[in-house]
Amino acid sequence: MKRAVVIGSGLGGLTSARLLQQQGMHVTVLERHYRPGGFLHRFFRPTRSFDTGFHYCGSVASGAPFGQVLRHIGVFDKLSFSSLDPDGYDRLIFPDMTYSVPVGWDRHAQRLKDLFPHDAAGIDAVCEAMQRACDAYGFYRLKADSDLSTLLEVESVSVAEVLSRHLTDPKLRAIFSGNAVLYGVPPWDAPFGLHALTTDHFMSGAHSIAGGGDALALALVRRIRRDGGEVHLRTKATRIEVDGRLATAVHTDTDKRFEADVVVSNLHPRLTHGLLPEGSLRPAARTRVNRALLSVAHFGLYLTVDGRVPELGRANAYVHSTWDTEDSYRYLAQDQIPVYFASAPSEHSDPPGPGVVLMILPVAWEPFAPYAGSDPENRPAGYRAHKEALMETALSQLYSQFPELSSRVLEVEASTPVSTLDFTGSPQGAMYGHHHNIAQMGRNRPAWRTRVKNVLMVGQGVSTPGLLGAAASAYYAVGHLFGLPKLIEEMRDA
């Protein structure tokens, strides 16, 4: 039996492991952390658990892409899904208006036309353009082939350009781009295709998973082990052994050597390249990866709340301090919070659990860079002061928007980009790995293949952001070995 070693247990890595198992390979997954899942994992306190990266998912119905992926890799029936509010799964909160995004393009368009009748024709045009743009992504439509010319077209034009072409009202344009935190690129620089894909993913229904992303990761690990695979935690890959242009083994910090016919890396491409010996890659390839822009980082707040959280309910909130969504990203390096994501995962389950609120704030890496490598148990005073100040600012804005919460918050914890770096290894604490802007998508999408023929890369760093993007990367990588049409057909029929 041929052997595959998968480095990293994020969704891209775990999906790759399952697909390789289904093709008859013995798989070994290596994870540096004490818990599998990468950005899927949770941390636990005596009465609460907190998701670190998973918020919600879409497209889980039969015949929808993410649902078919989960069925194909054998974990769908191990998960319990709960629907978010179909009349408003996302609330886009602006200074003088809150817009609730309903399930279904027709309902979404009609609700917008009721609010902005002067832009009715433009609303229809944008909604239709977003649905057409999704057709360019073959995997999303459960097809092996993508329309390359259309893909390049929709990834070379910005969200702002398409919205300005069809809509006259700046507030309406802000609403259409109000969920950009999901991929971390401002509208003037975000590919229209990426935004369309992200929005459409939830239009058929937004869902939570009981147990969060952690439950998905654990279900995959159990399935991998049940079918004879290995998952090693607290085991960091330190180098990939190469003979000529083929990888032969992966070495770890536990002094183990795992022989490999195939190596799949779920690490950021910079880290994957760092595991390969000098001379195995062309210098230009290393330079291109090292110079590529990284995604925005994030500051996370995890609130323990006394009782239920009806203020947020079964919806997610994207809170903007201005209608100018471009400014929401221009001030990321300063101690200002022009936009944040807030959710109460405890309200998303049936029945609701102990009160929990999660806040995600896009932030720049630079203010935290001096503290990279510091001892997590003994951070420098400057780090602690900066973290505390940002916490106070964030809580002030949260309580300003949801004043009833302030008296019921029992405890607050926070994570920074340095925390993300420490726990996941993502360079500069990048939330989505790659910065998915126009200049780095389309023809300049990151490469998932390397000069070492049997080393393949998966994850958000070589794909689109989010759960479905990470899963899709696994199909493309494993499909390179065994035929993508075969995998897609199996997925459709699952």
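The values are calculated or read from the model by the stated rules, or taken from the named source; none is laboratory data. This one's a predicted model, so the numbers in the text were calculated from it and none came from an experiment. Cβ placement follows ideal geometry from the backbone for every residue including glycine, while neighbour counts extend to all protein chains displayed. What goes into the accessible areas is simple: the full protein's heavy atoms, side chains included, and nothing from ligands, DNA or RNA. Shrake-Rupley method; radii C 1.70, N 1.55, O 1.52, S 1.80 Å.
For segment 1-83, what class follows from the C-alpha gyration tensor (a ≥ b ≥ c being the square roots of its eigenvalues): rounded when a/c is under 1.5, otherwise prolate if a/b is larger than b/c, else oblate?
Numbers: a/c = 2.59, a/b = 1.18, b/c = 2.20.
In terms of gyration-tensor shape, oblate.
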Q: Using Cα centres only, tell me the gap between segment 51-86 and segment 229-290 in whole Å.
A: 31
Q.
Checking the cross-link filter: which lysines have an alpha carbon closer than 28 Å to that of residue 453, excluding same-chain neighbours under 8 positions apart?
A. 2, 143, 236, 256, 486
Q. Contour minus end-to-end for residue 153 and residue 61, with contour as 0.36 nm per residue of separation and end-to-end as the Cα-Cα distance?
A. 30.2 nm
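Kindly report the accessible area of the chain per residue (heavy atoms of protein chains, probe 1.4 Å, no ligands, DNA or RNA), in Å². Before the final figure, lay out each step's value.
On the way: 19290 Å² over 494 residues.
Roughly 39 Å² per residue, with all protein chains present.
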Q: Starting from the Cα of residue 22, move 7 Å in the Cα-to-Cβ direction to define the label point; list residues of segment 462-489 whose amide nitrogen is under 15 Å from there.
A: 471-489
Q. Whats the longest run of the chain with zero GluC sites (Glu not before Pro) that are DSSP loop and have at most 12 other Cβ atoms within 10 Å?
A. 1-277
Q: Within segment 276-331, list the trypsin sites (Lys or Arg not before Pro) lying in a DSSP loop whose Cβ has at most 16 other Cβ atoms in a 10 Å radius.
A: 308
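With 30 Å as the cut-off, how large is the P(r) tail for the chain, expressed as percent of Cα-Cα pairs?
Working: 54661 of 121771 pairs.
For the chain, the fraction of Cα-Cα distances above 30 Å is 45 percent.
Using Cα pairs under 8 angstrom and six or more residues apart, how large is the relative contact order of segment 1-159, in percent? Before the final figure, lay out each step's value.
Numbers: 160 pairs, mean separation 16.7, N = 159.
That works out to 11 percent.
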Q: Give the angle, between 0 and 90 degrees and rounded to the nearest 10, that separates the Cα long axis of helix 484-493 from the longest principal axis of the Cα atoms of the chain.
A: 60
Q | Cross-link reach list, aspartates and glutamates versus residue 171, counting only Cα pairs under 19 Å and skipping chain neighbours closer than eight places | A | 90, 96, 114, 119, 124, 161, 189, 324, 326, 327
Q: Calculate for the chain the 222 nm mean residue ellipticity that helices alone would give, adding -39,500 (n - 2.57) per DSSP H run of length 4 or more and normalising by residue count, nearest 500 deg cm²/dmol.
A: -10500 deg cm²/dmol
Q: Would you mind calculating the gained length between residue 411 and residue 447 on full extension (0.36 nm times residue separation, minus the Cα-Cα distance), in nm to one decimal?
A: 8.7 nm
Q. Of all the accessible heavy-atom surface of the chain, with the other protein chains kept in place and a 1.4 Å probe, what percent is carbon and sulfur?
A. 50
Q) Under a straight-distance cross-link criterion of Cα-Cα below 17 Å, which aspartates and glutamates are reachable from residue 387, leaving out those fewer than 8 residues away in the same chain? A) 335, 366, 375, 377, 411, 413, 422
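Pairs of Cα atoms under 8 Å, at least six residues apart: use those to get the relative contact order of the chain, whole percent. Intermediate results must be reported in sequence, preceding the final value.
Numbers: 1025 pairs, mean separation 111.5, N = 494.
Contact order relative to length: 23 percent.
Tell me, rounded to the nearest percent, the portion of alpha carbon pairs in segment 79-180 spaced more than 19 Å apart. List each step's numbers first, then the result.
On the way: 2648 of 5151 pairs.
It works out to 51 percent of all Cα pairs.
Nearest-5 percent of antiparallel DSSP beta bridges in the chain?
Numbers: 47 of 66 bridges.
Rounded to the nearest five, the antiparallel share is 70 percent.
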Q: Counting only C-alpha contacts under 8 Å and six or more residues apart, can you give the relative contact order of segment 275-396 as a whole percent?
A: 28
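Compute the FRET efficiency between residue 164 and residue 120 as 1/(1 + (r/R0)^6), taking r as their Cβ-Cβ distance and R0 = 22 Å, and round to the nearest 0.05.
Working: r = 17 Å, r/R0 = 0.77.
Rounded to the nearest 0.05, the efficiency is 0.85.
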Q: Counting residues in segment 252-348 as N, plug N into 2.2 N^0.38 Å and put the Cα Rg over that result.
A: 1.71
